[in-house]
Every structure is written in C-alpha cells, then in structure tokens.
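The block underneath contains the structure these notes are about, expressed in structure tokens.
The values are calculated or read from the model by the stated rules, or taken from the named source; none is laboratory data. As the structure is a prediction and not an experimental result, all values here were calculated from the model. Cβ: placed from backbone, ideal geometry, glycine included. Neighbour counts: every protein chain shown. Calculation scope for accessible area: heavy atoms of the full protein, side chains included, ligands and nucleic acids excluded. Shrake-Rupley method; radii C 1.70, N 1.55, O 1.52, S 1.80 Å.
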Amino acid sequence: MPRPSPSPSPHPPDTAPPPRARATRRHPSRNKQYDMLPRKHTITPDAREHFALDRDPFNHEMRGVADVFMNDNIRRVRAAVRNVAQHGGMLAVIAESGAGKSTLRRDLAHWIRAQEQPVVVIEPYILGMEDHESRGRPLRAEDITTAVIRRLLPGAAVRQSDQARKAQMHDALRASAEAGNRHVLVIEEGHRLARSTLRHFKGFYELDDGFTPLLSILVIGQTELDWKLGESDFDVREVVQRLEKRYLEPIDQDVDAYLRHKFARVGADCDQVLAPDVAAAVVARLRVPTETRLRGQRALGPRSLCHPLAINNLVSGAINLAHQGGEDRVTGPLIAQVDRGGWA
C-alpha cells in the first residue's frame, strides 16, 4: 500500500517514514484513493481574465529554478540528491505521482550546469519500460552498461560480449575519473524496474579505481519502488543494505505558502484570488480514506494526497468554477465541489 499520511515521529519524515503495512500492488483501495484525486484542470482564458492572471500559475509554469517551491522536506531531499551526484552513493527518491520527483531531477541538471560541477549524468532510455516482459520492455543491466559507454565514449563501437562490454565500461569510467569527473546514473520511473535489474545495482555501485568510487546511482520512483526495495526482500537485500531512501512527503502544512509562491511567480496577488479558507479546504479535500492490513487485521485511516500536481488541478478547477458562478474569489466550499458535481 502507499504510505500513510505523516504522523508525529522522533525521526525526520524524509529519512525514516512511519511503519506501514505492506499490501499487494492491486489492492482495491488504491484505485479508490486515486479516483478521489481531481482530474487535470487548466484555467480557462475567460477565468484568467476574470481574476487578472496574465498567465496560468499552475500549467507550464516551471520555467526556471526560482519557480521550484521549497519546504524543509524538499530541501533535505534536494541536498541528498546533489550529495550523491557530487560525492557518491546510492539513493532512492520515493514519492507519489505529482509530488515533484521529475522537478528534482531537472533541478539537479540545472545545478550541475549552473555550478559547473564536474558531474557526468548518465540516463538510460527505455521507451515503455516495465518490470516484466508481458507488459513492456524491462531495463536490463546490459542497457545500463551500454548507456555508460555511449555517454563517455560517444561514437565508439560497443563491444559485443558481456565481459568485454563490462571491461569497456570500467575503463571508460576510470579514464573519465582521472580527468576529474564524477558520474551519476539517474533512472526515473524506478518503480518499473525489474527486481533482476535492481540486484545488479550492487555491481555498478562497487565499480571503483582503488578508493575512488566510479558510479553513483540515483533512482526516482513512485511508492511501488519502496515495496521492491523492502528490507525483507531476499532478492535485493544486498542493494537495500547499501542504499539510502528519501521521501517527498505531502505538503499539508505548507499549502498556503505553496499557493502564495505560485501566484507570486506569475506576478499575481494570491489574496485577490483565493479566500483565507482555501488552504484548509485543499488539505481536507486531498485527505482520503486508506485501508491497510497488518498481521491479518484490517484498518481504516486517513491518508494525505496533498502533493503539488493534485493541488494545481484542484485550485485550477475551483478558479474555473468561481468564474462560472460569478464569484469574486475562490472559497473553501468551491474547492470541495471540484469534480463533485460542479458549482454550488
């Protein structure tokens, strides 16, 4: 099951998530939860004019690093991402869809360029990647080896035998490291990785030149990745023992700050568009019932899906409803009505 909403704990939420029950991937409550998420909404031109918005604060709005919203959890995860790229290690960033995982990957690329960091990013590309051949094309260890060679030796012929290809990769990494470079393997959609591929991460992680590690690993994925990297999973235990996990948590406590940031980035006054009760209404709307099973016992409880994409869609839909109803501002009751029967 996806992780429950944060609760008070002696551990920071992005380093040690609260205990959670493990469930099968096809648990019916998961679909019910996502049925409650607002669908994609874009603010209409008429609604933008009604609220004096020169451009949409929530759609195609990420145009630079200043557009990225930061809270303490996001800052710590971003620092961990930069640290693994700069100094080595193996890191998994885990979050729900729409929590900002891809934004962190883009932020890393911007930071490397802007700071002129000697970090070479290696990103294997597999269209339609799935963890099983019955559903698509798995990313295999040889795909990663080939991606490293092509990134470091552009135009070179990739050797055919597995042993020769691995040696070619190792030699290329050594030569690049001697020139002062660091290397980070970045894999998005990590929840779609096959367990057989995850097992090989230990071998890539242990590539070195004496005491110099040659390849860091950053895996970014949804909550299913957390299940695959479970401590009790015998198949991947050697990887899990060497891997750090970080979690992008729901931003329940920062919704007001997030909305103000989004409106400020497009030169708009948040208070002229949103009433004071909107932030609390967003949190309430995105808190959904969750069913978990622990030791055979069924338990029900609230869980937050309060992530940036869901907030964007929810508030955009409410702005459209406010315009349709001739309202001066978006209010909490309008937030509650999005995708639940229209304006009231």
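Laid out as a table, the results:
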read-out: Residue selected from the range 36-81 under the condition touching a strand residue (DSSP E or B) at 6+ places or on another chain (Cβ under 9 Å) and assigned to a helix (DSSP H, G or I), by the criterion nearest to VAL282 (Cα to Cα); value: ASN73
read-out: Some residue of the range 273-294 being in contact with a Phe, Trp or Tyr (Cβ under 8 Å, 6 or more places away or on another chain), in a helix (DSSP H, G or I), at pLDDT 95 or above and buried (at least 16 other Cβ atoms within 10 Å of the Cβ); value: yes
read-out: Residue check for VAL93: buried (at least 18 other Cβ atoms within 10 Å of the Cβ), of a type in the set (A, V, I, L, M, F, W, C) and more than 12 Å from SER216 (Cβ to Cβ); value: yes
read-out: Residues (assigned to a helix (DSSP H, G or I) and either over 18 Å from VAL119 (Cα atoms) or in contact (Cβ under 8 Å) with a residue 60 or more places away in the chain (or both)) located in the range 146-171; value: THR146, VAL148, ASP162, GLN163, ALA164, ARG165, LYS166, ALA167, GLN168
read-out: Of residues in the range 101-111 being within 15 Å of GLU189 (Cα to Cα) and of a type outside the set (D, E, K, R), the one least open to solvent (accessible area, probe 1.4 Å); value: LEU104
read-out: Test for ARG174: is it surrounded by 13 or more Cβ atoms within 10 Å (Cβ to Cβ), out of contact with any helix residue (DSSP H, G or I) (no Cβ under 8 Å at 6 or more places or on another chain), assigned to a helix (DSSP H, G or I) and of a type outside the set (Asp, Glu); value: yes
read-out: Flag for ALA114 being exposed (fewer than 14 other Cβ atoms within 10 Å of the Cβ), of a type in the set (A, V, I, L, M, F, W, C), more than 18 Å from the chain's Cα centre (by Cα) and more than 25 Å from LEU309 (Cβ to Cβ); value: yes
read-out: Subset tally (residues that are open to solvent by 40 Å² or more (accessible area, probe 1.4 Å) and closer than 19 Å to ILE217 by Cα) for the range 131-150; value: 3
read-out: Where ARG182 falls short, out of the listed (1) open to solvent by 40 Å² or more (accessible area, probe 1.4 Å); (2) at pLDDT below 95; value: (2)
read-out: Top-ranked residue of the range 39-86 - restricted to ones that are small (Gly, Ala, Ser) and under 16 Å from the mean Cα position of the chain (by Cα), ranked as surrounded by the most Cβ atoms within 10 Å (Cβ to Cβ); value: ALA80
read-out: Among the candidates VAL219, VAL240, residue that is closer than 28 Å to LEU305 by Cβ, β-branched (Val, Ile, Thr) and in contact with a strand residue (DSSP E or B) (Cβ under 8 Å, 6 or more places away or on another chain); value: VAL219
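The rows are residues; the columns are (1) touching an Asp or Glu at 6+ places or on another chain (Cβ under 7 Å); (2) farther than 19 Å from ARG192 by Cα; (3) among the acidic types (Asp, Glu).
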| position | (1), (2), (3) |
| --- | --- |
| SER216 | no, yes, no |
| GLU224 | no, no, yes |
| GLY230 | no, no, no |
| GLU249 | yes, yes, yes |
